[in-house]
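Following: one structure in structure tokens, then a few remarks.
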Amino acid sequence: MIFLFDAVASPAQSGIPMSRNLIYWLIQLYGGESETAGPLFLLLGVVLCAVTAYLIGSVSPILLYCRIRYHEDIRTLGNRRADAFNVYLVYGLKDALLCMLPDIGLSLLAVFAGLLLMAQDGAAIAFFFCVLGHIFPLYFKFRGGLGMTCMLFAPLLLNLPTFFIMLAFFVMTMLLARYYTLSSVMYAIVLPLFLRAFCKNQFYADWYLYMSLLNMVFAIVVQWKDLTAMLRGQGVRFEIGKKHIPLKRQETAVSSQEGKHRD
């Protein structure tokens, strides 16, 4: 909170673009009349960014898609997570892409809402809480995915150089390591460094660092069982050059063979 109050007390030093977003416009308009107006508006902005991003992140197109099209809960299949990777494992690449596209849109919407409310520092706050909504969705009994869609594409609105570098980093680690769990955890660990390095404004850089460090902690904690399974050689591995056969097709093939044997 001291960090927030210092920013209000010296907006010129913190580099806050006072006229480009709702909360800081209110601070500029009313902050001069009262010593408490600025901090209160800023606190209101943090809460609004957090709640808005969390509620948007809690919407899971993946769960909705699987329930509508296949009448199944993806959290009971595959790796038991509501993420695009699990959809790829269970249903295939086409379904994973169809789920991922609206998920990307919602992630960008959450970060954009943060931009409107509190500029870049609001976007950084929205970034973390959108990921939190993906992992613990309010509308689906707090059982979601890993938030990797938001972590991968939210930097598109946070910092363009970071987005392209980190996306390339994620793809390369996937191709080299061939483990989704390892790639996502390494991405979460490296992301704070690049956000900090490419952000020229110190105030924004601090927000990016704090929020992405929290994302890193959640990524490691949520995937801890997957990491230990991978170390035991039981993790799900990508086979480059081989066509992936979704689990549902494998089950269908096995059941059809069993039916032929019975006949």
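Per-residue packing, averaged as other Cβ atoms within 10 Å, sorts the ranges 102-109, 215-222, 164-171 into the order 102-109, 215-222, 164-171, beginning with the highest. Based on Cα contacts under 8 Å between residues 6+ apart, segment 133-178 shows a relative contact order of 21 percent. Maximal additional length on extending the residue 138-residue 176 stretch stands at 10.1 nm, based on 0.36 nm per residue less the C-alpha distance.
Highest average first, the peptides 121-132, 67-78 ordered by how many other beta carbon atoms sit within 10 Å of their residues are 121-132, 67-78. Take the alpha carbon gyration tensor of segment 54-111, find the square roots of its eigenvalues, order them as a ≥ b ≥ c, and report rounded if a/c is under 1.5; if not, report prolate when a/b exceeds b/c, else oblate. Judged from the Cα gyration tensor, segment 54-111 comes out prolate (a/c at least 1.5, a/b above b/c).
Each value in this text was obtained by applying a stated rule to the coordinates, not by laboratory testing. It should be emphasised that the depicted structure is a prediction, and the values quoted were computed from it without experimental measurement. Please note: Cβ atoms are built from the backbone with ideal geometry, for glycine as well, and neighbour counts cover all protein chains shown.
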